[in-house]
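Written out below as structure tokens is the structure these notes cover.
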Amino acid sequence: ATAILKLEMMGKLSVKDTLEKYFPQAPADKKKITLHQLLTHTAGLIPALGDDYEPLTRDAFMKRAMDTPLNAAPGERYDYSNVGFSILAAIVEITGGMNYEQFLQKYLFEPAGMKYTGYVLPHWKQQTLATGYRGKELWGKSNEKLWATDGPYWNLKGNGGILSNVEDMYLWHQALLTDNILDTAAKEKLYKRHVQEGPDADSYYGYGWAIMPTPRKTWLVTH
């Protein structure tokens, strides 16, 4: 979400753009989906297209996404979709002129001082990466999973898979409090309560953030 807003600041795109601008062959039901709808999970896309580690190139992912029927008409309702954020990652590559992780490193992570966040560009030391478990079952390390040479395949790219640590996450938080990454107008879009996360929900979705009231009558920005 931040990468899309950064590209909008750079004059490369607008959140009002429709999919047909970037994918002219998009079918009729998806041509008019906007980047805003992708960012707010209101595009009507299904939640996922397959396993996170299925070897799927960008082109193959986009073909599958375009060929898959929508769950709802664009703009009709909030329906969480990782597919939409992977499409946004493809648009980052198309408009940014480099691969997804390279764009994140150059325009987001490096300006924030983050050295241990990414897919494959940080120089990971194997012993520093966490080992995951599901109950008593060994899940392993993220970088031991089936990835392409430039990071995860496209069911995971753009919607997850990024490795980081507590210190870098704090640097990210600090950077978003300043204008180093996004200006005030862009941050207003990032944190705006765009849509309810369901007809009876007291939480809202911004761009990549869930925003909900607290008992102290403040707003919690989380995910």
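A compact table of results
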{"read-out": "Candidate set: the stretch 118-137, residues that are in contact with a strand residue (DSSP E or B) (Cβ under 8 Å, 6 or more places away or on another chain) and on the phi < 0 side of the Ramachandran plot; chosen: the one surrounded by the most Cβ atoms within 10 Å (Cβ to Cβ)", "value": "119"}
{"read-out": "Pairs, first within 17 Å of residue 23 (Cβ to Cβ) and in contact (Cβ under 8 Å) with a residue 24 or more places away in the chain in the stretch 92-108, second in a helix (DSSP H, G or I) and aliphatic (A, V, I, L, M), C-beta under 6 Å, six or more apart", "value": "92/3; 95/7; 100/89; 100/92"}
{"read-out": "Count of residues meeting criterion [surrounded by 13 or more Cβ atoms within 10 Å (Cβ to Cβ), hydrophobic (A, V, I, L, M, F, W, C) and over 20 Å from residue 152 (Cβ atoms)] in the stretch 162-185", "value": "5"}
{"read-out": "Which listed residue, of 18, 42, is in contact with a helix residue (DSSP H, G or I) (Cβ under 9 Å, 6 or more places away or on another chain) and either free of Cβ contacts under 8 Å to residues at least 60 places away in the same chain or basic (Lys, Arg) (or both)", "value": "18"}
{"read-out": "Single unsatisfied condition, residue 151 versus (1) touching a residue at least 12 places away in the same chain (Cβ under 8 Å); (2) under 28 Å from residue 175 (Cα atoms); (3) open to solvent by 60 Å² or more (accessible area, probe 1.4 Å)", "value": "(3)"}
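The values are calculated or read from the model by the stated rules, or taken from the named source; none is laboratory data. Note that the structure is a prediction, hence the values are computed from the model and not measured. Glycine also receives a Cβ, built like all others from the backbone with ideal geometry; neighbour counts cover every protein chain displayed. Heads up: the accessible areas ignore ligands, DNA and RNA and are worked out on the full protein's heavy atoms, side chains in. Shrake-Rupley method; radii C 1.70, N 1.55, O 1.52, S 1.80 Å.
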